[in-house]
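Working notes, beginning with the structure itself.
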Amino acid sequence: MPGPAEQGHLPEPSHRPVVRRPPTWSALVGAVIGYVLAFTPSLLPRPWWLQAAACAITAGIAYGVGALIGLIARHCGLRPDERLRRTGWPALAGAGGTAIVFVTAWSVRWQGDLRRAVRLDPRVVWWQWALVLPVAVLLFALFVLVARALRLGTRQLGRLAARALPARWAAAVALVLAVVLVVGFVQGFLLRGLLAAVESGASATDLGTSPGIVRPTLPTLSGSPASLESWDSLGSKGRDFIGKAPAAAEITRFTGQAAKDPVRVYVGLRSAGTLRERAALAVRELERTGAFSRRVLVVISTTGTGWVNERIAKPPEYMYGGDSALVAMQYSYLPSWVSFLTEGEASDAGVALIDAVRTRWAQLPADARPRLLVAGESLGSYATERAFPGGVAQLAREVDGALLVGPTPDNPIRRTVTDGRDPGSPVWLPVYQDGRTVRFARRPGDLQRPPAPWAPPRAVYLQNGGDPVTWWEPSLIWRRPAWLDRPRAPDVSDAMRWYPLVTFWQVTCDLAAADSVPDGFGHRFGTLPTGAWARIAPPAGWSADETRRLEEFQRAWS
């Protein structure tokens, strides 16, 4: 009698549980190794919850790699015999469990060393660190469960496809369909939903006003009654920037001499419809406030939210006795990491604003126009550099100085300078063309090196050796970074090692802690911008003593 297959019918697939068999040896060994390596020192100390996430993610990736190795071994006929399987499981459980518990406990010492290196209290709260293991295990189990559910779903798709296609074709079609569905779900639902939530929250924040910030009355400030812009159009970060402008009396208290009210111009995202229109509005505001008749004009590229660091903005105002003008333009209200991933307007905004201001500035007589300086922090430094596609030569030709703080790995000029650094200089403190135009610093004394002449125009990069914002890049997955070569930056642990995949996730986690450390470490630069401005564009008669005094005065700024 013909069977079901001969009658043209396939048997109904049996219902299989998501977890049909225990994990393979190689998968578990990989997970243990991944968990252990995730604890090894990286750039910055991490809070316990971030360490738990790093352990779970790294263990999950290593688990998948181990499972793949086991699958290849089985297809090659490499299988342990029954006796080895019986004795191996207890041995693996004992060795793996011991390694997990030991490294979890020992990592308290590593974290203490990292905290001590950045001048934090080296003591770790033991009960918080004790939560790392159980939380990491729960997250890891969730990752594995999702992975197995996806594998089971792919097999079910393969069985359906096998009704119309040969077995090999069916398996390939099922795999492609599974990938398409997963990517579509992540991009179309999870990622889009996450970005929508972030955008909604950022938009609401942008409408608010920080405590203590009030609408100005001085005509030298955007958003005032005399301004071309309304106070509401500036956005939250724009109102902060305008509201924190020092008055002439505050500057006089520092200088001891009569001062002017400095000009601050800010164009918010809601001030005009396009980048070109906002840049043109910025120039009209500069003209209205008399900015082009001041002694110094600084064009500042903002971060993703439109934020401007006061420790970058205020030093030129005090150095020049208020005879200064600052201009900035918002291109987004999203955090920098979202702006960088989802928007190309960061670089476009830098180009639009700098080009518009410089075009108007260049129309003035050379002996009757202000010093033109540019500045930017983090994504703002990237936006600034994009306005000078000709590199250092164009930067030196078109402006009178530049301050670039906490640059990203994608900054085009910085990458060119770093790659072309003089022999013998490290990647974290490069010397380029004997320091003729560009110099790097993580401490004030670094601007003295090399001892060669440093004629204006001058450009300064401030970057810390342990700043993940500067060193994070996808190539960490497969390539050892040059910043781990010897000699290392003093703020990078001697115990840090590079491991494929692992180091990438460690530095990714470090990004979340980049601003949670004291000044001079991570992505915090303290009063270093003051010393940098004093070297880039000092006013006539400015002294090193005045720089130190301004740095002390500056410590109260935020």
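The values are calculated or read from the model by the stated rules, or taken from the named source; none is laboratory data. Since this is a predicted model, take the numbers as computed values, not measurements. Note that we place each Cβ from the backbone using ideal geometry, even for glycine, and neighbour counts take in every protein chain shown. To get the accessible areas, we keep the full protein, side chains included, count just its heavy atoms, and leave off ligands, DNA and RNA. Shrake-Rupley method; radii C 1.70, N 1.55, O 1.52, S 1.80 Å.
Things to note:
- Flag if residue 141 is surrounded by 12 or more Cβ atoms within 10 Å (Cβ to Cβ) and more than 27 Å from the chain's Cα centre (by Cα): yes
- Flag for residue 92 being open to solvent by 80 Å² or more (accessible area, probe 1.4 Å), assigned to a helix (DSSP H, G or I) and either at pLDDT 85 or above or not hydroxyl-bearing (Ser, Thr, Tyr) (or both): no
- Lone unmet requirement of (1) under 26 Å from residue 518 (Cβ atoms); (2) touching a helix residue (DSSP H, G or I) at 6+ places or on another chain (Cβ under 8 Å); (3) modelled with pLDDT of 95 or more for residue 469: (3)
- Subset of segment 480-516 [out of contact with any helix residue (DSSP H, G or I) (no Cβ under 9 Å at 6 or more places or on another chain) and open to solvent by less than 30 Å² (accessible area, probe 1.4 Å)]: 488
- Within segment 215-243, the set of residues being in contact (Cβ under 8 Å) with a residue 60 or more places away in the chain, of a type in the set (D, E, K, R) and under 19 Å from residue 273 (Cβ atoms) is empty.
- Residues that are more than 13 Å from residue 244 (Cα to Cα) and either of a type in the set (Asp, Glu) or under 33 Å from the mean Cα position of the chain (by Cα) (or both), drawn from segment 207-222: 207, 208
- Options 289, 274; residue that is among the hydroxyl-bearing types (Ser, Thr, Tyr) and open to solvent by 30 Å² or more (accessible area, probe 1.4 Å): 274
- Residue, farthest from residue 466 (Cα to Cα), within segment 97-116, restricted to residues that are under 26 Å from the mean Cα position of the chain (by Cα) and surrounded by 19 or more Cβ atoms within 10 Å (Cβ to Cβ): 107
- Scan of segment 234-268 for residues that are of a type in the set (D, E, K, R) and open to solvent by less than 10 Å² (accessible area, probe 1.4 Å), ordered by number: 239, 264
- Among the residues making up segment 445-472, those that are open to solvent by less than 20 Å² (accessible area, probe 1.4 Å) and either in contact with a strand residue (DSSP E or B) (Cβ under 8 Å, 6 or more places away or on another chain) or under 14 Å from residue 401 (Cα atoms) (or both) are 447, 454, 459, 460, 461, 462, 463.
- Matching residues in segment 225-270 - criterion: being over 14 Å from residue 289 (Cα atoms) and among the hydroxyl-bearing types (Ser, Thr, Tyr): 230, 233, 236, 252, 255
- In segment 382-401, the residues that are of a type in the set (S, T, N, Q) reach residues that are outside any loop (DSSP other than H, G, I, E, B) and open to solvent by less than 40 Å² (accessible area, probe 1.4 Å) with C-beta atoms within less than 6 angstrom, at least six apart or across chains, in these pairs: 384/301; 384/350; 384/374; 384/376.
- Criterion: surrounded by fewer than 17 Cβ atoms within 10 Å (Cβ to Cβ), touching a residue at least 24 places away in the same chain (Cβ under 8 Å) and assigned to a loop (DSSP other than H, G, I, E, B) - qualifying residue of 119, 79: 119
- Selection from segment 425-446 of residues that are of a type in the set (Lys, Arg) and assigned to a loop (DSSP other than H, G, I, E, B): 436, 442, 443
- Looking at 526, 435, just one residue is of a type outside the set (Lys, Arg), open to solvent by less than 30 Å² (accessible area, probe 1.4 Å) and within 20 Å of residue 115 (Cβ to Cβ), and that residue is 526.
- Within segment 406-438, the residues that satisfy the criterion of being without any contact (Cβ under 8 Å) to a residue 24 or more places away in the chain, under 13 Å from residue 482 (Cβ atoms) and in contact with a Phe, Trp or Tyr (Cβ under 9 Å, 6 or more places away or on another chain) are 418, 421, 425, 430.
- Taking residues in segment 91-107 that are under 15 Å from residue 51 (Cβ atoms), and partners anywhere that are at pLDDT 90 or above and outside any helix (DSSP H, G or I), the pairs with Cβ atoms closer than 8 Å and at least 6 places apart or on different chains are 103/39; 104/39; 106/39; 107/39.
- Counting only helices (runs of 4 or more DSSP H) that sit completely within segment 217-307, those holding 3 or more residues that are under 22 Å from residue 374 (Cα atoms) correspond to 235-243, 275-289.
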